[in-house]
Amino acid sequence: MFFFKVKILMTIHREGYASLILTSAVLITLNLAVLYFLPNYPMVRYSIVGVSVIFFLIILQFFRSPTVKIEQDAKIVLAPADGKVVVIEETEEPEYLKLQEGRFPFLCRP
């Protein structure tokens, strides 16, 4: 028999706890109501349970706060979110700073 040791580190952002508790309460209430009012329709019950689980996992994914290892280097630009840099370009800001600066737009990754 094989035993695998899996270490999953996932934390939830503190603002997400209330939303997750509220979502859990609503989904549990919905599933219990379907179980009580539709006992003779197993496919409807299973479908609602499946949709509820998928919906909860999407909400959980939204509020996750992954641990990120940040390298300290003068040549690295740190972004406020994980993603992929789309283009690196020089822009001029004539209104306030009147400087030429680098612009790094990026696509956020889920």
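Since every read-out is calculated from the coordinates, none of them should be taken as a lab result. Keep in mind the model is a prediction, meaning the values are calculated, not measured. Note that each Cβ is placed from the backbone with ideal geometry, even for glycine, and that neighbours are counted across all protein chains shown.
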> How large is ³J(HN,Hα), in whole Hz, for each residue of the stretch 88-98 in order, when computed from phi with the Karplus curve 6.51 cos²θ - 1.76 cosθ + 1.60 and θ = phi - 60°, using x for Gly and Pro?
Replying inline: 10, 9, 8, 10, 10, 10, x, 7, 10, 7, 6
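Suppose R0 equals 22 Å. What FRET efficiency, 1/(1 + (r/R0)^6) with r the Cβ-Cβ distance, do GLN72 and TYR96 give to the nearest 0.05?
Working: r = 30 Å, r/R0 = 1.37.
Plugging the Cβ-Cβ distance into 1/(1 + (r/R0)^6) gives 0.15.
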> Can you list the residues, at least 5 places off or on another chain, whose amide H is less than 5 Å from the amide H of GLY83, using H built in the peptide plane?
Replying inline: ARG109
> Can you run phi through the Karplus equation (6.51, -1.76, 1.60; θ = phi - 60°) for the stretch 14-30 and list ³J(HN,Hα) in whole Hz, with x for Gly and Pro?
Replying inline: 4, 6, x, 4, 5, 5, 5, 5, 5, 4, 4, 4, 5, 5, 5, 4, 4
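Once R0 is set to 35 Å, what does the formula 1/(1 + (r/R0)^6) return for the Cβ-Cβ distance between ILE88 and SER65, expressed as a FRET efficiency to the nearest 0.05?
Values: r = 28 Å, r/R0 = 0.80.
Once rounded, the FRET efficiency stands at 0.80.
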> Under 5 Å between amide H atoms, partner at least 5 residues away or on a different chain: which partners does ILE12 have, H built in plane at 1.01 Å?
Replying inline: SER65
> For the stretch 11-65, what is the Kirkwood hydrodynamic radius in Å, using each pair of distinct C-alpha atoms?
Replying inline: 12.0
> What list of ³J(HN,Hα) values in whole Hz, one per residue of the stretch 63-75 in order, does the Karplus curve 6.51 cos²θ - 1.76 cosθ + 1.60 (θ = phi - 60°) give from phi, with Gly and Pro shown as x?
Replying inline: 9, 6, 10, x, 7, 10, 8, 9, 8, 8, 8, 6, 8
>> What distance in nm lies between label points placed 7 Å from Cα along the C-beta direction at MET43 and LEU20?
In response: 3.5
